[in-house]
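*Asks:* Pasting in a structure now, in structure tokens, and then I'll have a few things to ask.
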Amino acid sequence: LDADHPALALAREHIGLLYLWGGLTPLGLDCSGLVHHTWRRFGIVVPRDAYAQAEYATPVPTDAVEPGDLYFFARPGRRIHHVGIVVRPGRMVHASETGGVLVEEDLSTDRVDTLVAAGRLPRP
């Protein structure tokens, strides 16, 4: 596993940043904005919204994720509403709308229950 994935290092720079719905800059980011902003800093443009990022990413089995992959979350019968950058299996960096800031944390029970997919973006 590559714990030194370049996107992970950049994403971690924003831990503690305020969650801002629709945010795309270091003034505030939402979950998919964090992913979009992080990869854009490497010159890789990915879709803006979590559901579109899931469609764009190369699918990876959720039990085979590596650092830098993405976790996608959805409620039953709904489209993907949340994304996080995998640190290691079961742990991610994400803009948590519940906590109001960017955090690195293990998946909560609710996140485990709503984890629907994982994917891999082009490597910087």
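The values are calculated or read from the model by the stated rules, or taken from the named source; none is laboratory data. Small disclaimer: the values here were computed from a predicted structure and weren't measured. Positions of Cβ are backbone-derived with ideal geometry, glycine not excepted, and every protein chain shown enters the neighbour counts. To get the accessible areas, we keep the full protein, side chains included, count just its heavy atoms, and leave off ligands, DNA and RNA. Shrake-Rupley method; radii C 1.70, N 1.55, O 1.52, S 1.80 Å.
*Asks:* Output the qualifying pairs, or none if there are none: Cβ atoms under 6 angstrom, residues six or more apart or on different chains, first residue in the range 99-124 and more than 12 Å from V86 (Cβ to Cβ), second residue part of a loop (DSSP other than H, G, I, E, B) and among the small types (G, A, S).
*Replies:* From residues that are more than 12 Å from V86 (Cβ to Cβ), the pairs are V101/G16; V103/S96; V116/A74.
*Asks:* Please indicate, with yes or no, whether at least one residue in the range 54-69 is closer than 12 Å to L121 by Cβ and touching an Asp or Glu at 6+ places or on another chain (Cβ under 6 Å).
*Replies:* Yes, some residue in the range 54-69 is closer than 12 Å to L121 by Cβ and touching an Asp or Glu at 6+ places or on another chain (Cβ under 6 Å).
*Asks:* Next question, about the same structure. Report, ordered by the first and then the second residue, all pairs with beta carbons closer than 7 Å, sequence separation of six or more or different chains, a first member in the range 25-46 that is within 13 Å of L121 (Cα to Cα) and open to solvent by 60 Å² or more (accessible area, probe 1.4 Å), and a second member that is not in a strand (DSSP E or B) and not β-branched (V, I, T).
*Replies:* F42/P6; F42/P124
*Asks:* Looking at (1) charged (D, E, K, R); (2) within 18 Å of A117 (Cβ to Cβ); (3) touching a strand residue (DSSP E or B) at 6+ places or on another chain (Cβ under 8 Å), which is the one condition that is false for E55?
*Replies:* E55 satisfies every listed condition except (3).
*Asks:* Only residues that are out of contact with any helix residue (DSSP H, G or I) (no Cβ under 7 Å at 6 or more places or on another chain) and charged (D, E, K, R): list them for the range 40-85, please.
*Replies:* Within the range 40-85, R40, E55, D63, E66, D69, R78 qualify.
*Asks:* When only residues in the range 66-85 that are touching a residue at least 60 places away in the same chain (Cβ under 8 Å) and not small (G, A, S) count, which is surrounded by the fewest Cβ atoms within 10 Å (Cβ to Cβ)?
*Replies:* E66
*Asks:* Further question: Could you identify the single residue in S96, S108 that is over 22 Å from D4 (Cβ atoms) and buried (at least 17 other Cβ atoms within 10 Å of the Cβ)?
*Replies:* Just one listed residue meets the conditions, S96.
*Asks:* Looking for something closer than 13 Å to L102 by Cα, within 12 Å of the chain's Cα centre (by Cα) and among the small types (G, A, S) - is there at least one such residue anywhere in the range 41-60?
*Replies:* no
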